[in-house]
Ligand SMILES: Nc1ncnc2c1ncn2[C@@H]1O[C@H](COP(=O)(O)OP(=O)(O)OP(=O)(O)O)[C@@H](O)[C@H]1O
Ligand SMILES: [Mg+2]
């Protein structure tokens with residue numbers, strides 16, 4: 001699904017951000033990307049979303065060859081993706097609701113769908129009381145959650161998230177990854193950059209480690225041996241093993257029964273999504289009647 005062949009990226013100022021990257025990511029995978037600041041993680045994602053083009057090598061995503069893609073095709077290509085940018089990129093003069101709705105409008109969603117879906121994702125990320133705030137009125141973590149909601153709203157096939165937990169507390173970080181995991185279980189491919197190595201160690205996911213623009217390891221963190229050579233990046237035990245606290249605490253993955261987090265607290269942030277990811281897909285297909293929400297009582301459907 002995502003294929004990097006001998007990809008290098010040298011920026012105009014001569015900075016070599018990626019060197020000879022060969023990576024294949026299958027549909028439905030959940031991949032963490034880690035590495036020190038400046039290692040090339042964001043560049044890797046930016047190439048994937050065709051925000052940057054490689055200096056050499058080939059990138060294929062689905063049926064697209066990104067190097068050959070015409071500019072006007074980019075918006076269509078991006079419809080396949082939900083993106084959380086490292087710097088959020090919220091639109092400053094739009095309230096939270098409209099920032100998220102905008103992502104649906106650009107892909108041509110119907111207003112009726114927007115009125116149902118936007119309050120729903122705002123609720124998932126726990127910000128219903130901020131729906132009418134401007135980004136500048138939000139904390140960093142709240143802005144990050146809006147960025148996450150925007151990435152989720154179109155039910156994209158691929159979620160590309162650049163440090164989606166960088167500005168929230170550990171409990172919220174865990175919930176966000178759980179949320180992404182559950183989306184992943186419905187078939188969404190997830191690629192997530194993070195500096196939170198504790199978080200990475202809690203999940204049995206594939207981890208790509210970048211170091212000075214090179215992929216220095218790529219493999220599963222599975223509670224036992226992990227194929228990571230660059231110990232400085234993942235705080236490995238001296239024996240090269242990694243403790244999988246998550247597995248110990250919550251058992252092997254079968255997410256349906258898993259508690260959301262250590263506190264076993266309110267699951268609604270996550271639970272809402274599991275059921276509703278599917279029901280939203282059904283909704284799109286069947287045009288179910290709308291729920292009444294604060295948002296859709298204002299305009300209504302009648303013209
Ligand atoms: N637009 C740009 N022009 C020139 N150099 C760039 C540009 N963007 C990134 N770089 C450089 O490329 C290298 C990789 O940057 P990148 O943003 O991919 O790192 P990163 O792994 O995401 O780091 P961080 O963890 O700090 O976000 C760095 O040396 C950075 O300074
Ligand atoms: Mg970055």
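Just so it is clear, none of the values below were taken in a lab; they were calculated from the coordinates. This is a predicted model, so every value here is computed, not measured. So basically every Cβ, Gly included, is an ideal-geometry build from the backbone, and we count neighbours across all protein chains shown.
Between residue 91 and residue 16, full extension at 0.36 nm per residue minus the direct alpha carbon distance yields a gain of 23.9 nm. Taking other Cβ atoms within 10 Å as a rough exposure proxy, 183, 148 sort from fewest to most as 183, 148.
What translational diffusion coefficient, to the nearest whole µm²/s, does segment 3-47 have by Stokes-Einstein, given a Kirkwood radius computed over alpha-carbon pairs, a temperature of 10 °C and 1.306 mPa s viscosity? Could the numbers behind the result be given before it?
On the way: Rh = 11.5 Å.
Estimated diffusion coefficient is 138 µm²/s.
So what does the Cα-only Debye profile of segment 45-84 read at q = 0.16, 0.25 Å⁻¹, as log10 I(q)/I(0), no solvent term? For segment 45-84, the Cα-only Debye profile gives -0.34, -0.86.
Going by neighbour counts of Cβ atoms within 10 Å, the residues 71, 112, 181 line up, fewest first, as 71, 112, 181. Each principal axis of the Cα atoms in segment 1-126 has its own extent, and those three values, largest first, are 45, 31, 29 angstrom. Applying 1/(1 + (r/R0)^6) with r as the Cβ-Cβ distance of residue 26 and residue 212 and R0 = 25 angstrom yields a FRET efficiency of 0.40.
Using Cα pairs closer than 8 Å and at least 6 residues apart in sequence, work out the relative contact order for segment 1-136, in percent. Don't jump to the answer; show the numbers that get you there.
On the way: 154 pairs, mean separation 27.7, N = 136.
Averaging sequence separation for qualifying contacts and normalising by length gives 20 percent for segment 1-136.
Between residue 79 and residue 155, the distance separating the two model label sites (each 7 Å from Cα on the Cα→Cβ line) works out to 1.5 nm.
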